[in-house]
1. To one decimal place, what orientation-averaged projected area in nm² is obtained for the convex hull of the Cα set of the range A:148-289?
2. Once each part is reduced to its C-alpha centroid, what is the distance from the range B:1-70 to the range A:93-154 in angstrom?
3. Output the pairs from B:Lys16/B:Lys261; B:Lys16/B:Lys41; A:Lys128/B:Lys191; B:Lys41/B:Lys181 with a Cα-Cα distance over 31 Å in this structure; if there are none, say none.
4. Report, as an integer, the average count of C-beta atoms from other chains found within 10 Å of each Cβ along A:167-173.
5. Counting Lys and Arg as +1 and Asp and Glu as -1, what is the net charge of the other residues whose Cβ lies under 12 Å from the Cβ of B:Asp61?
6. Would you mind classifying the range B:27-79 by shape? Square roots of the alpha carbon gyration tensor eigenvalues, ordered a ≥ b ≥ c; an a/c under 1.5 is rounded, otherwise it is prolate if a/b is larger than b/c and oblate if not.
7. For the range B:112-218, state the average projected area of the convex hull of the C-alpha atoms over all orientations, rounded to one decimal in nm².
8. Once amide H atoms are built 1.01 Å from N in the peptide plane, which residues 5 or more positions from A:Asn120, or in another chain, come under 5 Å H to H?
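None of the figures in this text is laboratory data; all of them are computed from the coordinates on show. All values reported here derive from a predicted model rather than from experimental measurement. Reconstructed Cβ throughout: ideal geometry from the backbone, glycine too, with neighbour counts over all protein chains shown.
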There are 2 protein chains.
Amino acid sequence: MFIEKLGEFGLIKRFKERLNNDSSVVRDSGDDCAVLRLDRKMYQLFTCDMLVEGVDFTSRDNPYFIGRKALAVSISDIAACGGIPRYAVVSLGLPRNLTVNKVDKIAGGIFDLAAKYRINIVGGDISKASRIVIDVSMLGVVEKTRLCLRSKARRGDIIFVSGALGGSLHGKHLTFEPRIKESRFLVEHFKINSMIDISDGLAQDLWHILEESGVSAVLYESLIPINKEASGINSALYNGEDFELLFTVSRAEAKKISAAKRYRFFPIGEVVSGGFGLSMVDRNNRERKIIPGGYRHF
Amino acid sequence: MFIEKLGEFGLIKRFKERLNNDSSVVRDSGDDCAVLRLDRKMYQLFTCDMLVEGVDFTSRDNPYFIGRKALAVSISDIAACGGIPRYAVVSLGLPRNLTVNKVDKIAGGIFDLAAKYRINIVGGDISKASRIVIDVSMLGVVEKTRLCLRSKARRGDIIFVSGALGGSLHGKHLTFEPRIKESRFLVEHFKINSMIDISDGLAQDLWHILEESGVSAVLYESLIPINKEASGINSALYNGEDFELLFTVSRAEAKKISAAKRYRFFPIGEVVSGGFGLSMVDRNNRERKIIPGGYRHF
């Protein structure tokens, strides 16, 4: 049997069954970052993301933004857990006929974004490869009281996103701003019950929250903010790589968040009990089931 | 200009010039691991290594040992700093027509070695790729007083290796045992001035120590332990991926290490002052210069 038959999530499930970790590991899978015990007040966050030429970017994309994206996706994972990014190591697989100029631009994208978020680039590895591969591993910290997981959504929670969705393939997947400031604003001022960043698409990533939390959800089409470049609601539901935050809070917190002036967050639905999964009320007030879907590697 | 003209080390030097880290980073480049402040007693070690099909292994190699090697090279980096490996994340780039059976074997090699050294596998990422790519990032800890760097070799130090060198391409590069036990024995009982693991070859990796420490060295050919599979002294000097420890200690410590019963370490030369670099006294008692060299990706 080939892995494409098992699928990306089938493969991940297969690996998860083999995990056998000690009690210093608070969370090892099923979230945006691993969560490790650090000290009395803080957890350490640990995440990795691999970008491959021809899959996550093309050889014609601006190399500065290829490098920038490689770091940004890991920063976004730290943001999804409510944390602060601190250190990164970068492994590069490079074809030998790559120009120094292009590598300099990739590095420029990495180092500029690292400087912006005060992330220390502390190491790396370089290997020959037939196509460009960039793997970034990142460490962050988060106060124990502010850690956000996918698994704590509660019945009655209001579901929010941090910005417009869809159409990321028109360029946003390379140029997006990881939502660190928004995430820290949220965890410092409100009680966030669950959070994830949208990398696979709204339907798929909301489904991750529902599965991990054992709840269901209803979305309202008219409330979902859609990018101008996006082709419509299906693009918002199923296109990946928006890298907006998707989070749930109690009704009381939702009111406070909506009243806050610093950042705008968009309520798009609510968490309900029961096992029916995910549905959406459309503009004609008809409710329909939403099948989880989005970008899959296999 | 293509990167193959600049070379692997030219490329690394280019990146190093852009590093701009805060005071929590004790060591960010020029060593086997990054060294980060952790608490009063301990440093955190952080390292990454990327293995690429067709470069670090072939499609005909035993997949169990491909996975095992991916973890082992990072464990070896932690050992080179005198530390204890604790956590790893694994990024996999996989061709879609790979069999589930082969992926299971790769995972088996990773998980079995992790279990042996009590390393928690806490996360990962899976991407489509045209050839297998495995990138492991690892965290470890080391007591501040036991941290080993490349940069502290001193004139008069005796140079040791932990085992026979050369011929790693005959299989040892896939099956080697990372020298964690030997490293911990050394740092717990002796004062180790400098240490590195041999991944590029004895000549190249000793050169790293000399450069970082600002010293020179003389090797004695008759003292260098050579693998039975190796083709001779040049194989020991220039073949990479032995993954033995290479370290320097004072004469007083050297005597104690040679008298210790638990592990055997081989004295192979001494550190001298001056800027002439590296030389070797051959079996005819003639001294000749050794040019640093070994495996290069570009």
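1. Spelled out: convex hull of the Cα atoms, projected over all directions, averaged, 7.9 nm².
2. About 13 Å separates the Cα centre of the range B:1-70 from the one of the range A:93-154.
3. In this structure, B:Lys16/B:Lys261; A:Lys128/B:Lys191 lie more than 31 Å apart at Cα.
4. The mean count of partner-chain Cβ atoms within 10 Å per residue comes to 0.
5. Once all neighbours under 12 Å are counted, the net charge is +3.
6. prolate
7. If you wrap the Cα atoms of the range B:112-218 in a convex hull and average its projections, you get 9.4 nm².
8. A:Tyr87, A:Ala88
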